[in-house]
1. Being assigned to a strand (DSSP E or B) and surrounded by 11 or more Cβ atoms within 10 Å (Cβ to Cβ) is the filter here, so list the residues in region 67-79 that pass it.
2. Would you please name the residue that is surrounded by the fewest Cβ atoms within 10 Å (Cβ to Cβ), looking only at residues in region 24-66 that are in a loop (DSSP other than H, G, I, E, B) and modelled with pLDDT under 80?
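The values are calculated or read from the model by the stated rules, or taken from the named source; none is laboratory data. Bear in mind that the values here come from a model prediction, so they are computed numbers and not experimental data. Glycine gets a Cβ as well: all are built from the backbone with ideal geometry, and neighbour counts include every protein chain shown.
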Amino acid sequence: MFETLCNFNIAGRYEIAYIDPSDWKLCPFIDGPFFRPIDIRFNPIDQSLYIVDFGKFEMHDSLGVVAQQNTGRVLRVTASKP
């Protein structure tokens, strides 16, 4: 099994990657683009992976979080059968 994580890369965008525990390498897992992935969970029943991408937003001192509508999403990743 591997540990999943959200990683901020040098190009200034987010990606989903995992750490290979055998050599501690960071390996790309799912191509983006992702705006702000905030949570990743496995479904224990069907073994799908769900990714919550908050979407585009800006932080303002007076307004707080200002989110851009229709940029967030929930992705369901399933394993393909051979």
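1. First pass over region 67-79, keeping only residues assigned to a strand (DSSP E or B): 67, 73-77.
Scanning region 67-79 gives ALA67, ARG73, LEU75, VAL77.
2. ARG36
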